[in-house]
1. Would you kindly state how much longer the chain becomes between residue 62 and residue 97 on full extension, computed as 0.36 nm times their sequence separation minus their alpha carbon distance, in nm to one decimal?
2. Sort the following peptides by mean Cβ neighbour count (other Cβ atoms within 10 Å, averaged over residues), highest first: 63-76, 80-93.
3. Ignoring ligands, DNA and RNA, what percent of the accessible area of segment 59-100 is carbon or sulfur (1.4 Å)?
4. Non-local amide H neighbours of residue 28 (under 5 Å, H modeled in plane, Pro and chain starts lacking H): which ones?
5. Counting only C-alpha contacts under 8 Å and six or more residues apart, can you give the relative contact order of segment 49-95 as a whole percent?
Amino acid sequence: MRRLSFLVSLLFVGQACLTACSDHPLRGEGVPSVDGRTYLIVADNGGGECPSIRVDDRDWPHKIGEPGPVEPGRHIIECGGPIAFHVPEGVIFTFNYWGP
């Protein structure tokens, strides 16, 4: 039983490290934009839970899946609660993860 508990713990720690040590952003992914400017795409509305989405304390004026221009850097998206994420410069960043 102890061996099984140890293996489960080891797998959990390994998964946590892989997630934390990854270069892949947790909240989405970015691809280089053709014009070198920075854009945000909100991929979904929290599974239908958010009739309106706010980004940086403003209503997001773009449709789901439609890119909108943003400044590179840290942003806050709100759907029930604030979630911080980072948008690198010169990319189209697709925000696609509302989870914890």
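1. Gain on extension, residue 62 to residue 97, equals 10.8 nm.
2. In decreasing order of mean packing, 63-76, 80-93 become 80-93, 63-76.
3. Working: 1370 of 2430 Å².
Carbon plus sulfur share of accessible area: 56 percent.
4. Answer set, sorted by chain and number: 96.
5. Value for segment 49-95: 33 percent.
The values are calculated or read from the model by the stated rules, or taken from the named source; none is laboratory data. Model, not experiment: these values are computed from the prediction. Every residue, glycine as well, gets a Cβ built from its backbone with ideal geometry; the counts of neighbours run over all protein chains shown. Just the protein is used for accessible areas: all its heavy atoms, side chains included, with ligands, DNA and RNA removed. Shrake-Rupley method; radii C 1.70, N 1.55, O 1.52, S 1.80 Å.
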